[in-house]
Every structure is written in C-alpha cells, then in structure tokens.
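Novice: Starting off with a structure, shown below.
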Amino acid sequence: MSLFRKSTHLIAGVLIFWRSVGYGQAEITGKWLSQDGDRKMEIYEINGSYSGKIIWLKSNTGKVRVGDIVMKNIIYKNDHWEGSAYIPARDRYLPVSISMPGDDELEMTGKVGMISRTKRWKRCK
C-alpha cells in the first residue's frame, strides 16, 4: 500500500472517530420535556461540562422554580453522561447517570443506596 493511501486511511479514521466523539457529547444539549409533561429543562454546555435548568413548569407549587439549575457537572464518559441532579424529595443533589436510547429521548437514572429511579425526557422545541 502506498504512503499516500495509508495517510488517507489514517486521516479518514481520525475524522470518523473525532466526529463520533463530538456528536455523542453534543447531542444531549437542547430542550427536554419530562415524561409527565409538567416541566421543561434546557441542557447547555458550560466550562467543559453540561448543566440543566428549568425553563417551564406547569405548576409552581413544588420546590423547583423556573430558572433553577437541576443538573450540574454532567460529563460524557463511556457512552453515557454522569453528574448530579437535584432531587426535590431529598432537597439535595444526587449522582445521576444519563443515556440516550433514541435521538430524541433521555433516560436519567438516580440512585440512593440500593434504590434507583429512572425518568424519561423527550426532546422538544
């Protein structure tokens, strides 16, 4: 195989890897509607990690308000995201793992001891 052909394959491989890593990290950004349809969250990048804030609530009767940061320090690791999410029932941030089973769907799983709970969010505008 010629040097030119080897270089072309190497460059193509690097570009494919770079594109897949970049796409996997950026696809979490955007606006998301909770599975209950009672809140919208916007996930955005800040200082190399991701955060999420509430941008709409159906009712303002709970502990969470519009503008509250409900996810922070979310980083991409091994095909999923990890960080902290605010859990109103506990009134604190707890570890959370986030995956995307589909292009427009997030699954957030939080754990407290041996108990875990998963919530689904749908991408919205």
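The values are calculated or read from the model by the stated rules, or taken from the named source; none is laboratory data. Since we're looking at a predicted model, the values are computed, not measured. Every residue, glycine among them, receives a Cβ derived from its backbone with ideal geometry; neighbour counts consider all protein chains shown. We work out accessible area using only protein heavy atoms, side chains counted, and drop any ligands, DNA or RNA first. Shrake-Rupley method; radii C 1.70, N 1.55, O 1.52, S 1.80 Å.
Novice: Has the stretch 11-29 got at least one residue that is open to solvent by less than 60 Å² (accessible area, probe 1.4 Å), hydrophobic (A, V, I, L, M, F, W, C), modelled with pLDDT of 90 or more and touching a Lys or Arg at 6+ places or on another chain (Cβ under 9 Å)?
Specialist: Checked against the condition, which is being open to solvent by less than 60 Å² (accessible area, probe 1.4 Å), hydrophobic (A, V, I, L, M, F, W, C), modelled with pLDDT of 90 or more and touching a Lys or Arg at 6+ places or on another chain (Cβ under 9 Å), the stretch 11-29 yields no hits at all.
Novice: Please tell me if S49 is polar (S, T, N, Q), over 18 Å from S116 (Cα atoms) and within 12 Å of the chain's Cα centre (by Cα).
Specialist: Taking the combined requirement at face value, the residue satisfies it.
Novice: Having 3 or more residues that are among the small types (G, A, S) is the bar; report the strands (runs of 3 or more DSSP E) wholly within the stretch 29-84 that clear it.
Specialist: Where strands (runs of 3 or more DSSP E) fall fully within the stretch 29-84 and carry at least 3 residues being among the small types (G, A, S), they are 49-57.
Novice: For the stretch 53-70, name all the residues that are in contact with a Lys or Arg (Cβ under 8 Å, 6 or more places away or on another chain) and of a type outside the set (D, E).
Specialist: I54, I55, W56, L57, K58, V64, G67, I69, V70
Novice: What's the total number of residues in the stretch 104-125 that are closer than 16 Å to E42 by Cα and either modelled with pLDDT of 90 or more or open to solvent by less than 70 Å² (accessible area, probe 1.4 Å) (or both)?
Specialist: 11
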